[in-house]
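Take a look at the structure below.
No value in this document is a laboratory result; all are computed from the given coordinates. What you are looking at is a predicted structure, and each value in this text was computed from that prediction instead of being measured. Counting neighbours? That spans all protein chains shown, and the Cβs are built from the backbone with ideal geometry, glycine included.
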Amino acid sequence: MQGKTIKDNAITPSGRSLLKAELHLHLEGGAHPELVRKLAARHGKNLDHFMRDDGTYIWSDFTTFLKCWDKVAEVICTPEDYADLTEDYLLRNAAEGCFYTEFFISPDHVALLGMSYDDLLEGVATGYERARATCVADGFPIDARFIVTCVRHMGPEKAVGVAKTVAAKPHPLVTGFGMGGDERMHSQEAFAPAFAIAADAGLLCTTHAGEFGGPQSVIDALDHLPVKRIGHGVRSIEDADLIKRLGDEGIVLEVCPHSNVALGLYPDLATHPLPRLMDAGVLTTISSDDPPFFATTIGKEYDSLAALHGWQESEMKGFTRRSLQAAFVDEETRDGLLARLDAS
């Protein structure tokens with residue numbers, strides 16, 4: 001896929017006029033149907049059981065979403081595939097004005113496909129460098145980092161193995177450790193040993209909580225894991241004491257509104273608790289989670305919320321600023337990103 005240019009297909013009104021940043025994105029979950037078709041053809045795989053003719057993915061609830069996600073991810077099975085996916089996603093984000101992205105990547109998942117952690121790193125790093133070179137040439141520099149995740153429903157022992165692997169093989173683009181998967185399985189505390197290994201290796205930490213697990217899952221994460229960010233966390237709104245704690249401790253929520261609506265947490269964006277979280281003093285950011293699955297993009301997230309709530313550019317820039325302030329980067333990189341935002 002070398003030789004591409006930034007896609008001139010920004011589908012949202014703000015386009016590149018508002019700089020955006022994204023902290024919560026599952027790499028395989030960002031696979032655009034167009035790319036998935038190319039990869040399926042590359043490997044001779046059939047898409048009928050998880051993709052419709054119009055390119056939408058087939059699922060109906062959280063359980064079937066996870067199964068569909070796994071089927072899509074099985075098509076992405078070589079370092080070359082991961083390079084193409086990373087490049088494609090970053091160029092699509094850049095077309096919508098996103099200049100900083102953090103991806104979740106899973107060594108346990110690629111191991112099921114016969115790939116090693118080294119294979120995964122080779123692919124994502126190659127894709128990132130290709131996208132970055134394209135964006136620099138087009139006058140819109142981008143940056144990205146990767147957060148290695150353990151898979152919750154694979155259990156705490158597997159998580160320890162992932163943490164040990166990542167700690168033993170530091171990489172400049174891998175700056176974080178987190179946990180994804182089925183939030184309904186196991187406790188946060190059960191994964192404390194894995195998170196301790198990662199934190200001791202200098203990785204910054206986040207975990208999914210407060211989505212399907214309710215506010216108690218956020219409390220458990222804060223009590224037992226070395227996290228300063230929570231993936232989703234929106235159901236914290238159900239517990240006033242927790243809301244105060246989030247504000248007091250400066251915990252950042254990686255909020256993914258369209259994901260929450262698509263998966264049935266809230267009936268529509270109008271009832272989503274993001275404005276109430278903000279009014280209560282909770283630090284919030286905006287991300288797209290698994291965008292093609294939820295008919296969204298990072299640009300759509302920004303623009304839909306601005307239109308719904310009447311938020312102006314200053315409010316929307318605030319989401320980008322909080323994302324950069326919470327990003328898993330060194331301070332020199334953070335200062336540069338913030339300076340660029342300030343100058344925009």
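When each of ASP268, ASP70 is scored by the number of other beta-carbon atoms lying within 10 Å, the sequence from fewest to most is ASP268, ASP70.
Each eigenvalue of the Cα gyration tensor of the chain, multiplied by 5 and square-rooted, gives one semi-axis; in descending order these are 26, 24, 21 Å. Once the chain from LEU113 to LYS38 is taken as fully extended at 0.36 nm per residue, the excess over their C-alpha distance is 25.2 nm. Comparing GLY210, GLY123, GLY139 in a Gaussian network model of the chain (Cα springs below 10 Å), the most mobile by mean-square fluctuation is GLY139. Neighbour counting of Cβ atoms within 10 Å sorts the residues MET185, MET115, fewest neighbours leading, into MET185, MET115. Once the Cα-Cα distance is subtracted from the 0.36 nm per residue extended length, the GLU332 to GLU315 segment shows a gain of 3.6 nm. Each helix, a run of at least 4 DSSP H residues, gives -39500 (n - 2.57); summed and divided by the residues of the chain, these come to -14000 deg cm²/dmol at 222 nm.
Take the Cα of TYR266, step 7 Å along the line toward its Cβ, and report every residue of the range 307-344 whose backbone nitrogen sits under 12 Å from that point. Once the point is set 7 Å along Cα→Cβ of TYR266, 308-309 turn out to lie under 12 Å by backbone N, inside the range 307-344. As a proxy for reagent exposure, ranking ARG245, ARG52 by other Cβ atoms within 10 Å from fewest up yields ARG52, ARG245. Here are some pairs, LYS38/LYS164; LYS169/LYS244; LYS228/LYS317; which of them have Cα atoms lying more than 32 Å apart in this structure? Where the Cα-Cα span goes over 32 Å, the pairs concerned are LYS38/LYS164; LYS169/LYS244. Dividing the Cα radius of gyration of the range 55-190 by its Kirkwood radius returns 0.98 for Rg/Rh.
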